[in-house]
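Working notes for the structure below.
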Amino acid sequence: MNIEFLTFLRREVYRFMVLYKQTIVPALLSSLLYIIVFGETLGNKIPKEYFATSYMSFIVPGLAMMSVITQAYQNSASSIMQAKYLRFIEDILIAPLSGLQVSLGYIIGGSMRGLICGLSILIMCIIMPNTDFKVDNWLLTLLYLLTVSWTFSAFGVIIGVIAKSWDEIGSFSNFIFMPMTFLGGVFYSLEMLPGWAQKVSLFNPIYWMINGLRYATLSIEEISYITSLLICIGFSTIFTIIASYLFKKGYKIKS
Amino acid sequence: MNAIEISSLKKTYETGDEALKGINLNIKKGSFFGLLGPNGAGKTTTIGILTGLVNKSSGEAKILGHNIIEDFKLARKSIGLSPQEINLDVFFSVRQILLFQAGYYGVPQKKAEDRVDTILKKLDLYHKRNETSRHLSGGMKRRIQIAKALVHDPPILILDEPTAGVDIELRHMLWDYLKELNEAGKTILLTTHYIEEAEKLCDEIAIINNGEIIKQGETKSIIKEVSLNTIEIEVEESDNLKLSDNFKYTTENKIIKIQTKEVNKEISTIIKEIEKTTTINNINIINSSLEDAFLKLTNK
């Protein structure tokens, strides 16, 4: 890897690290609140036979994934939007970097933020008192966190390039990812749903992603984790190709 | 080899606006070149294409022999751009912005640190190195833009309105610095609205209007070729004064204004003609300027 690309990558990581109070801490805090409020209060009222573990532990992978998705997407989309808005994206566009290098810089930057948030939530839940949460397979866990983070960071790059306003970036987050995540089994097991809803859930890629991480951490396998991993890799590859193409062509960012 | 070679370069925007209509331009290595033109003439589009901010419609451009599309990495490494609009990263300190900028062009960290500090001192910004751009004045921001263009030590500098919005003192300081850089061997392509700036700095200029280069050559030659000098002669009595048809002149309040290309050749003839009729009280010669040439060529 050359200095040009590594510098850009450093800039992207440094940006969210400098702003850790806006980028990392709120993600941990909201997950902690979900765990305490939902896990403690709701968990005691849900019949234990639905889950192979405590309800509080059951919801941790979903919450971690929710954070990974939001943070990775927000990072790349908002980084590009800010750069477009304040025009310092021109520094990158005139630099001797290829479209692939620029898109990878943004994608890896976003992925790092997603990965750090996801990992921090898992570690926080392991060390929290009164929880039985554990990570059975760290390698698979990291692989899931990374591929999901990469997928949504790459998607964030695409939206960041295409979006004309902050509203458009927020709309994807609020009207698409949030419902898909909540309906993706963060707080419930598929068995708790009626038959038709179970079938519909299978069309939600986030459902597969959450369950993949649930398998990697708690060894609970509702659906094939291999298929889940392939879905993550497939989406991350497709979005990376699109993001790279957009930068190569200068779509909506060059006249 | 020229520093910049542009041939048949065309740009038509999606709106249908034909910003460049097939321009040809060669800029010699080491020259201080001014690209002048009214607003919307195509200056920024030309610079945008050279630097990779604008996609060309057709034609070709080379930077030090490197094609801007096929060899874009080598072409871009040869250029330092100071854009017209201030575009500073708001998250980082001045020093960090410049270190990143150097890194984008492959300058190793240690070398970048030395170079950044040297440039910051030269531009009198060293004391502001740890501030973010939000806390800087307009003039300081403008200087950082120039520092960004210089930080990877490119052989070619492209400066789009580098002194826009800065005070006179700073403008003169920047002019001196740019001259120094040019004398040290850097090729400079400058666009400016201050014609005086181009006249003072540029050894060669091109005037662009409506997407076409309408004049290119040495600054002095263009002024001489295009515009006329003015001789103002104050006389005792102007009512019955009549000069031969060879001279283009006007008379107002006993002041005769004669426009001519060759002042030295013609002034003695003019004086003789006037003295046949009246007495001369005062003579004032106003040399033509690039501004006159510019206005004449662009029909403003």
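Taking the DSSP bridge list for chain B and keeping only pairs wholly inside it, about 70 percent are antiparallel. Over 22 Å between Cα atoms: which of A:Lys254/B:Lys21; B:Lys43/B:Lys224; B:Lys62/B:Lys122; B:Lys62/B:Lys121 fall into that group? In this structure, B:Lys43/B:Lys224; B:Lys62/B:Lys122; B:Lys62/B:Lys121 exceed 22 Å between Cα atoms. Ordering B:Ile79, B:Leu98, B:Gly65 by Cα displacement along the dipole of region B:58-107 toward the positive end leaves B:Leu98 in first place; charges were set at the Cβ atoms of Lys, Arg (+1) and Asp, Glu (-1). What does the charge count near B:Asp117 come to, summing +1 for each Lys or Arg and -1 for each Asp or Glu among other residues with Cβ under 9 Å from its Cβ? So the surrounding residues net to +2.
Using R0 = 30 Å, the C-beta based FRET efficiency linking A:Leu33 and A:Phe175 works out to 0.85.
The dipole here belongs to the protein assembly as shown: it is taken about the Cα centre, uses +1 on the Cβ of Lys and Arg and -1 on the Cβ of Asp and Glu, and is about 1160 debye.
Between A:Asn204 and B:Asn2, the distance separating the two model label sites (each 7 Å from Cα on the Cα→Cβ line) works out to 6.2 nm.
Ordering A:Phe177, A:Met56, A:Ser228 by the projection of their Cα atoms onto the charge dipole of chain A, which places +1 on the Cβ of Lys and Arg and -1 on the Cβ of Asp and Glu, puts A:Phe177 at the extreme positive end. Accessible surface of region B:1-116, 1.4 Å probe: 45 percent of it comes from carbon and sulfur atoms.
Only helices enter this figure: runs of n ≥ 4 DSSP H residues, each worth -39500 (n - 2.57), summed and divided by the residues of the protein assembly as shown, yield -16000 deg cm²/dmol at 222 nm to the nearest 500. Panel note: contact residues of region B:33-55 (accessible area lowered by at least 10 Å² against the chain on its own; 1.4 Å probe) correspond to B:Thr51, B:Gly52, B:Leu53, B:Val54, B:Asn55. Within the accessible surface of region A:3-249, defined with a 1.4 Å probe on protein heavy atoms only, the carbon and sulfur portion equals 69 percent. Each of B:Ile69 and A:Ile242 was given a label point 7 Å from its Cα along the Cα-to-Cβ line. The distance between the two points is 2.7 nm. Just check region B:39-149 against the gyration tensor rule for me: Cα atoms, a ≥ b ≥ c as the square roots of the eigenvalues, rounded for a/c under 1.5, and otherwise prolate or oblate depending on whether a/b exceeds b/c. Oblate, because a/c is 1.5 or more while a/b does not exceed b/c.
Measuring r between the beta carbons of B:Glu262 and B:Asp17 and using R0 = 45 Å, the FRET efficiency lands at 0.60. What region B:2-218 shows is 39 Å² of accessible area per residue, with the surface traced by a 1.4 Å probe over protein heavy atoms. Once both labels are positioned 7 Å from their Cα atoms along Cα-to-Cβ, the gap between A:Leu100 and B:Thr279 label points is 8.8 nm. May I ask for the angle, rounded to the nearest 10°, between helix B:168-183 and the longest principal axis of chain B, with both axes built from Cα atoms and the value confined to 0 to 90°? Helix B:168-183 and the main axis of chain B meet at about 70 degrees. Neighbouring Cβ atoms from other chains, within 10 Å of the Cβ of residues in A:91-102, number 6 on average.
Qualifying trypsin sites (Lys or Arg not before Pro) in region A:166-255, where qualification requires a DSSP coil assignment and no more than 16 other C-beta atoms within 10 Å, comprise A:Lys252, A:Lys254.
Calculate, for B:Glu232 and B:His172, the FRET efficiency according to 1/(1 + (r/R0)^6) with r their C-beta to C-beta distance and R0 41 Å; round to the nearest 0.05. FRET efficiency, B:Glu232 to B:His172: 0.90. Using Cα centres only, tell me the gap between region A:133-163 and region B:262-278 in whole Å. Here the two parts' Cα centres lie 85 Å apart.
Can you list which of the DSSP-assigned H helices in chain A have a Cα extent of 15 Å or more along the long axis and an average Kyte-Doolittle score of at least 1.0? Helices meeting the criterion: A:99-127, A:138-162, A:225-249. To the nearest hundred square angstrom, how large is the accessible surface buried between A and B, total for both chains, probe 1.4 angstrom? Approximately 2700 Å² gets buried when A meets B. For the protein assembly as shown, DSSP calls about 70 percent of its internal beta bridges antiparallel. Label point of A:Ala52 set 7 angstrom out along Cα-Cβ; within region A:193-222, amide nitrogens under 15 Å from it belong to A:211-222. Pairs exceeding a 20 Å alpha-carbon distance, out of B:Lys179/B:Lys200; B:Lys10/B:Lys179; A:Lys84/B:Lys141: B:Lys10/B:Lys179.
The charge dipole of chain A, taken about its Cα centre with unit charges on the Cβ of Lys, Arg, Asp and Glu (plus for the first two, minus for the last two), comes to roughly 720 debye.
The values are calculated or read from the model by the stated rules, or taken from the named source; none is laboratory data. Keep in mind it's a predicted model, so treat the numbers as computed, not measured. For neighbour counting, all protein chains shown are included, and Cβ atoms are generated from backbone atoms with ideal geometry for every residue, glycine included. For the accessible areas, the whole protein counts, side chains as well, though only heavy atoms, and no ligand, DNA or RNA atoms are used. Shrake-Rupley method; radii C 1.70, N 1.55, O 1.52, S 1.80 Å.
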